[in-house]
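Working notes for the structure below.
The values are calculated or read from the model by the stated rules, or taken from the named source; none is laboratory data. Since we're looking at a predicted model, the values are computed, not measured. Here Cβ is always computed from backbone atoms with ideal geometry, including for glycine, and neighbour counts include all displayed protein chains. For accessibility, only protein heavy atoms count, side chains too; no ligands or nucleic acids. Shrake-Rupley method; radii C 1.70, N 1.55, O 1.52, S 1.80 Å.
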Amino acid sequence: MDLEEGADMIMVKPGMPYLDIVRRVKDEFGAPTFVYQVSGEYAMLQAAGINGWIDRRKCVLESLLAFKRAGADGILTYFALEAAAWLKEG
């Protein structure tokens with residue numbers, strides 16, 4: 001309905017539990033599809049990294065890659081600045 005009313009894009013929120021929805025939205029509507037990595041997903045990765053349970057950098061980048069693989073054209077995330085710096089490093 002939003003697309004019929006002139007929406008330019010579709011936003012899926014929250015992101016991680018709805019990767020299948022991101023793919024379906026992209027495939028069925030063909031509109032630019034964005035995903036929002038909500039604060040709970042951010043907090044989960046932060047806490048696990050701080051506690052040494054995960055390699056924070058690798059897991060953050062993997063979570064962002066999962067959105068891209070699911071079909072997201074853009075990702076809104078609290079990790080944006082860090083991820084950009086990490087990607088620039090190579």
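Applying 1/(1 + (r/R0)^6) with r as the Cβ-Cβ distance of TYR42 and TRP86 and R0 = 22 angstrom yields a FRET efficiency of 0.90.
The share of Cα pairs per 5 Å bin across segment 1-45, counted from zero up to the longest distance, runs 5, 22, 28, 21, 13, 7, 4, 1 percent. Say we join alpha carbon atoms closer than 10 Å with springs in a Gaussian network model of the chain; which of GLY15, GLY40, GLY74 then has the biggest fluctuation? Residue with maximal mean-square fluctuation among GLY15, GLY40, GLY74: GLY40. Straightening the chain between ASP55 and ARG23 buys 8.8 nm, computed as 0.36 nm per residue apart minus the Cα-Cα spacing.
Leaving out ligands and nucleic acids, note down the accessible area per residue over the chain with a 1.4 angstrom probe, in whole Å².
66
Computing the accessible area with a 1.4 Å probe over protein heavy atoms, can you report the carbon and sulfur percentage for segment 28-81?
Values: 1970 of 3090 Å².
Of the solvent-accessible surface of segment 28-81, carbon and sulfur hold 64 percent.
Across the chain, Cα pairs under 8 Å and at least six residues apart give a relative contact order of 31 percent.
Applying the Karplus relation 6.51 cos²θ - 1.76 cosθ + 1.60 with θ = phi - 60° to segment 85-90 yields 3J(HN,Hα) values of 5, 4, 5, 5, 5, x Hz, where x marks Gly and Pro. For the chain, the percent of C-alpha pairs falling in each 5 Å distance bin, counted from 0 to the bin holding the largest distance, reads 3, 14, 24, 22, 17, 11, 6, 3, 1, 0. The string of couplings for segment 25-40 from the Karplus curve (6.51, -1.76, 1.60, θ = phi - 60°) is 4, 4, 5, 7, 10, x, 8, x, 10, 10, 10, 10, 7, 5, 4, x Hz, one whole number per residue in order, with x for Gly and Pro.
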